[in-house]
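**Q** Take a look at this one; I'll ask things after.
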Amino acid sequence: MTAALTLQDVNKRYGGFHAVRDLSFEVGKGSICGFLGPNGAGKTSTIRMILGLQPATSGRIEILGADDGRRVRNRIGFLPEERGLYKKMTPVDAIAFFGALKGLPLGEGRRRAREMLEQQGLGGASRKKMKELSKGMAQKVQLIAAVVHRPEFVILDEPFSGLDPVNQQGLEQMIRGLAADGATVLFSTHVMQHAERLCDKVVLLARGRKAFEGTVDEAKATSRRFLELEGVIEAGQVAALPGVSNVEIAAENDGVRVLKAHLAPGARGQETLKAAFLGGLDVRRFDLREPSLHDAFIDLTGDNPDQDQSVKPAGQEAAR
């Protein structure tokens, strides 16, 4: 697959703070790639370098055949993490305005805006002011504004932030539609479930370094199946069961613990459970689970993607 984006040994420093370290990966044309990691892992700094909004300290970046994102900016759509549309504009005017910034004539921008708003179930809101729209509706409008000029490459920075489950599902459908129409999509998120449902490929980032690059299934294959056990049980009792490689305490309340028992390669969870019951362990609930992308991320990086790792260097913004 031909690459629409290539990063090779990219570094970014803010004074003495090393935000992105020796980062290399590729995104194939027409694919959906998840750029994943906790807040503070270096995702937004990387996106800004890809777009040409800030220079890399070292390394090479090529997007759509250009060595500077600014040279192909009219072929790129970008939804920043910081949301913002003019509150007194209507959605149609706001979308047409942003399209005009990318070279789309205003009349054509308004025509496409009305068409795309109808497709997203927002036709009735087209004449309202932006300030009158719900957060989910406004976010859909902003995404439409980012892609109304039909870009070849779309970059979305934390697009699901703050949305309820219904609007998250609608946004996922929009992203699938972009790829179906031939666009390449790179989106950053720290919520693994979205990437697990959407992505052809994922790049996992932790503390500015690449921890993994590959498909979702390849990422999950690096982790192990596990048993989730709940009851009045000690971690040491579970660790002594056959087939268990290590145990984590996931939750505890009034002596009742939820334990996550990782299974060794080739171990059979049924045999582990049988040994638990024969040993008289007070197991009140159990669940044999396949690893999720969230589990794989923790195993690959040692980090929880829901935690904020950002460090704000003196005189500089935190690298997100």
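The values are calculated or read from the model by the stated rules, or taken from the named source; none is laboratory data. In this text the structure is predicted, and so the values were computed from the model without any measurement. Positions of Cβ are generated from backbone atoms using ideal geometry, with glycine treated the same way; all protein chains shown enter the neighbour counts.
**Q** Within region 78-91, does at least one residue satisfy the condition of being surrounded by fewer than 18 Cβ atoms within 10 Å (Cβ to Cβ) and assigned to a helix (DSSP H, G or I)?
**A** Taking region 78-91 as the starting set, the residues that turn out to be surrounded by fewer than 18 Cβ atoms within 10 Å (Cβ to Cβ) are 81-84, 86-89.
Next, only the ones that are assigned to a helix (DSSP H, G or I) stay: none.
So far as region 78-91 goes, no, none of its residues is surrounded by fewer than 18 Cβ atoms within 10 Å (Cβ to Cβ) and assigned to a helix (DSSP H, G or I).
**Q** Within region 260-287, count every residue that is of a type in the set (V, I, T) and out of contact with any helix residue (DSSP H, G or I) (no Cβ under 7 Å at 6 or more places or on another chain). So that I can check it myself, show each step before the final result.
**A** Kept after step one, since they are of a type in the set (V, I, T), are these residues of region 260-287: 272, 283.
From what's left, out of contact with any helix residue (DSSP H, G or I) (no Cβ under 7 Å at 6 or more places or on another chain): 272.
Adding up the residues that qualify gives 1.
**Q** What is the number of the single condition among (1) outside the structural domain of I47 (by TED's automatic domain parsing); (2) touching an Asp or Glu at 6+ places or on another chain (Cβ under 7 Å) that P265 does not meet?
**A** For P265, the failing item is (2).
**Q** Which residue pairs have Cβ atoms under 8 Å apart, sit 6 or more places apart or on different chains, and have a first residue in region 46-69 that is closer than 11 Å to Q8 by Cβ and among the hydrophobic types (A, V, I, L, M, F, W, C) and a second that is at pLDDT 95 or above and assigned to a helix (DSSP H, G or I)?
**A** That search, which allows pairs on different chains as well, returns A56/M49; I61/M49; I61/I50; I61/G69.
**Q** When residues of region 254-291 are filtered for being in contact (Cβ under 8 Å) with a residue 40 or more places away in the chain, over 20 Å from S223 (Cβ atoms) and part of a strand (DSSP E or B), how many remain?
**A** Number of matching residues: 4.
**Q** L156 is checked against (1) at pLDDT 90 or above; (2) within 21 Å of T301 (Cα to Cα) and fails just one. What number does that condition carry?
**A** Every condition holds for L156 apart from (2).
**Q** Turning to a different aspect of this structure: Can you confirm whether region 159-180 contains a residue that is assigned by TED's automatic domain parsing to the domain that holds R73, in contact with a Pro (Cβ under 9 Å, 6 or more places away or on another chain) and among the hydroxyl-bearing types (S, T, Y)?
**A** Checking region 159-180: not a single residue is assigned by TED's automatic domain parsing to the domain that holds R73, in contact with a Pro (Cβ under 9 Å, 6 or more places away or on another chain) and among the hydroxyl-bearing types (S, T, Y).
**Q** Within region 251-274, track down each residue that is buried (at least 16 other Cβ atoms within 10 Å of the Cβ), at pLDDT 85 or above and more than 30 Å from P38 (Cα to Cα).
**A** G269, T272, L273
**Q** Which residues, taken from region 112-131, are surrounded by fewer than 14 Cβ atoms within 10 Å (Cβ to Cβ) and either assigned to a helix (DSSP H, G or I) or modelled with pLDDT of 95 or more (or both)?
**A** Within region 112-131, E115, E118, Q119, G124, K131 qualify.
**Q** List the pairs whose first member sits in region 114-125 and is in contact (Cβ under 8 Å) with a residue 24 or more places away in the chain, whose second member is among the basic types (K, R) and surrounded by 12 or more Cβ atoms within 10 Å (Cβ to Cβ), and whose Cβ atoms are under 6 Å apart, counting only residues at least 6 apart or on separate chains?
**A** Q120/K140
**Q** With the requirement that a residue be in a helix (DSSP H, G or I) and closer than 12 Å to S31 by Cα, what does region 170-205 give you? Talk me through it step by step, then tell me what you get.
**A** Step one: filter region 170-205 for residues in a helix (DSSP H, G or I), giving 170-180, 192-198.
Within region 170-205, I175, R176, G177, L178, A179, A180, L198 meet the criteria.
**Q** Only one residue in G40, G30 is out of contact with any strand residue (DSSP E or B) (no Cβ under 7 Å at 6 or more places or on another chain) and either more than 20 Å from A296 (Cα to Cα) or not charged (D, E, K, R) (or both), so which one is that?
**A** On the way: G30 fails: out of contact with any strand residue (DSSP E or B) (no Cβ under 7 Å at 6 or more places or on another chain).
Going through G40, G30 in turn, just one is out of contact with any strand residue (DSSP E or B) (no Cβ under 7 Å at 6 or more places or on another chain) and either more than 20 Å from A296 (Cα to Cα) or not charged (D, E, K, R) (or both): G40.
**Q** Can you tell me which condition Q237 does not meet? The list is (1) modelled with pLDDT under 90; (2) part of a helix (DSSP H, G or I); (3) surrounded by 13 or more Cβ atoms within 10 Å (Cβ to Cβ), and all the others hold.
**A** It is condition (1) that Q237 fails.
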